[in-house]
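Below you'll find the structure, written out as structure tokens, and then a few comments.
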Amino acid sequence: MNKIFSSPEEAVADITDGSTIMFGGFGVSGIPFTLTRALYRKGTRNITMISNSPGGRLEDFDLSILFEKRQVKKVIASFPVYAGKVNIFEQQYLKGEVELEVLPQGTFAERIRAGGAGILAFYTPTGVGTVVEEGKEKRFFDGKECLLEPALKADFALIKAHKADTKGNLTYRMAARNFNPLMAMAAKVTIAEVDEIVGAGELDPETIVTPAIYVDRVVKGERYEIRFK
């Protein structure tokens, strides 16, 4: 099976309207910018976006571009807005044009991990007594009240890695690792954008974080210079 795709457009070609998509990244680190822009150009609509943040720090560049053409119908995130700046997602949310589910960051990560591990749901005390508990089953364990949290899974995961070999094994660079390995395990189809592609056997096995079995497609990403205004 050839996992190396010649262009980001080819890699996202079968992402249909209504898909649930995980997007790796934390702040500006580990975001699959090239794949996101390809999805923007494709125009896929009614997306359920699972991401730590729907964007907003990099105008007209990060995940926020998917809101420009109103491609997203729902966001599941732990850090949806930035203090002191109303991004395009927040504008649409305040108008009731996009849905939002906010999760504590640890719960967000664990729900994704559970999805990849085949765990259907788990209990956690995080969020008890807050708006997070609304509509969720509660039980006591060791004297603590806990919420039942379902696993998060997706049709596609768009992730960012540092290197891939031709089999699809992935390594990451520093903080860019963040949610990417978890999301790679929790989607039906995982598409990895990487800085470099090497031959099979060229990666040190000890550095491989995401094994090839979780990766369906690999594409070389574009280089971007990020500057904050």
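Every number in this text was worked out from the coordinates using simple rules, so none of it is lab data. Keep in mind that what you see is a predicted model, and the values were worked out from it rather than measured. Every residue, glycine as well, gets a Cβ built from its backbone with ideal geometry; the counts of neighbours run over all protein chains shown.
Remarks
- The stretch between Leu94 and Leu120, if pulled fully straight at 0.36 nm per residue, gains 6.2 nm over its current Cα-Cα span.
- Relative to the longest principal axis of the Cα atoms of the chain, helix 33-42 runs at roughly 80 degrees.
- In this structure, the pairs whose alpha-carbon distance is over 19 Å, taken from Lys74/Lys153; Lys42/Lys73; Lys160/Lys188; Lys3/Lys73; Lys160/Lys220; Lys74/Lys160, are Lys3/Lys73; Lys74/Lys160.
- When peptides 156-163, 126-133 are sorted by average Cβ neighbour count within 10 Å, with the highest value leading, the order is 156-163, 126-133.
- Most fluctuating residue given options Ala164, Ala13, Ala154, as computed from a GNM of the chain linking Cα atoms under 10 Å: Ala13
- Residue with peak Gaussian network fluctuation, the chain [Cα springs, cutoff 10 Å], from Ser64, Ser51, Ser29: Ser29
- Each other residue within a Cβ distance under 9 Å of Lys220 adds +1 if Lys or Arg and -1 if Asp or Glu, for a net charge of -4.
- Angle between the chain longest axis and helix 105-117 axis [Cα atoms, degrees, rounded to 10]: 60
- For Glu196, neighbours were defined as the other residues whose beta-carbon sits under 12 Å from its Cβ, and their charges (Lys and Arg +1, Asp and Glu -1) total 0.
- Highest GNM mean-square fluctuation among Gly201, Gly168, Gly43, for the chain modelled with Cα contacts below 10 Å: Gly201.
- In sequence order, calculated HN-Hα J values of the stretch 138-148 (Karplus, 6.51, -1.76, 1.60; Hz; x Gly/Pro): 10, 9, 9, 9, 6, x, 10, 6, 10, 9, 8
- The stretch 69-91-the stretch 151-182 distance, computed between alpha-carbon centres (Å): 23
- Under a 5 Å amide H cut-off, with hydrogens placed 1.01 Å from N, Ile76 pairs with Met49, Ile50, Ser51, Glu101 among residues at least 5 apart or on other chains.
- Sites Ser7 and Lys74 - FRET efficiency at Förster radius 30 Å, r taken between beta-carbons, to 0.05: 0.60
- Positive contributions from Lys and Arg (+1) and negative ones from Asp and Glu (-1), summed over other residues with Cβ under 13 Å from the Cβ of Thr166, come out at +2.
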